[in-house]
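Okay, so here's the structure we're looking at.
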Amino acid sequence: MSRILIVVGLAIATAGVLWPWLARLGLGRLPGDIWIQRGNFSVYVPITTCILVSVVLSLLFWILNR
């Protein structure tokens, strides 16, 4: 359990350090993400991005579990 927490912590720290380069990939602006903006009210629902991240993490954990 502690090994998993260390790996997750390192992954989050790495993503934080690499964020300026990861933002250029366009993740979060995929087709299927919903952006509603009316006046001074805006809502962003990243449906496609969440599905993509979920699939990638599921595959990663499946591979690590084998």
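So here's what we get for this one:
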| quantity | calculated |
| --- | --- |
| HN-Hα J in Hz across the range 32-38 - Karplus 6.51, -1.76, 1.60, θ = phi - 60°, x for Gly and Pro | x, 6, 9, 10, 10, 9, 9 |
| Kirkwood-based shape ratio for the chain, expressed as Rg/Rh from alpha carbons | 1.09 |
| Gain upon complete extension [Leu59, Arg24; 0.36 nm per residue less C-alpha separation] | 10.3 nm |
| Karplus-derived 3J(HN,Hα), 6.51/-1.76/1.60, for each residue of the range 13-26, Hz, glycine and proline x | 5, 5, 4, x, 6, 8, 4, x, 7, 5, 5, 6, 6, x |
| J(HN,Hα) series, the range 52-66, from Karplus relation 6.51 cos²θ - 1.76 cosθ + 1.60, nearest Hz, glycine and proline x | 4, 5, 5, 5, 4, 5, 4, 5, 5, 5, 5, 5, 5, 7, 6 |
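Quick note: the coordinates plus some simple rules give every number you see, no bench work behind them. These figures come from a predicted structure and were not determined experimentally.
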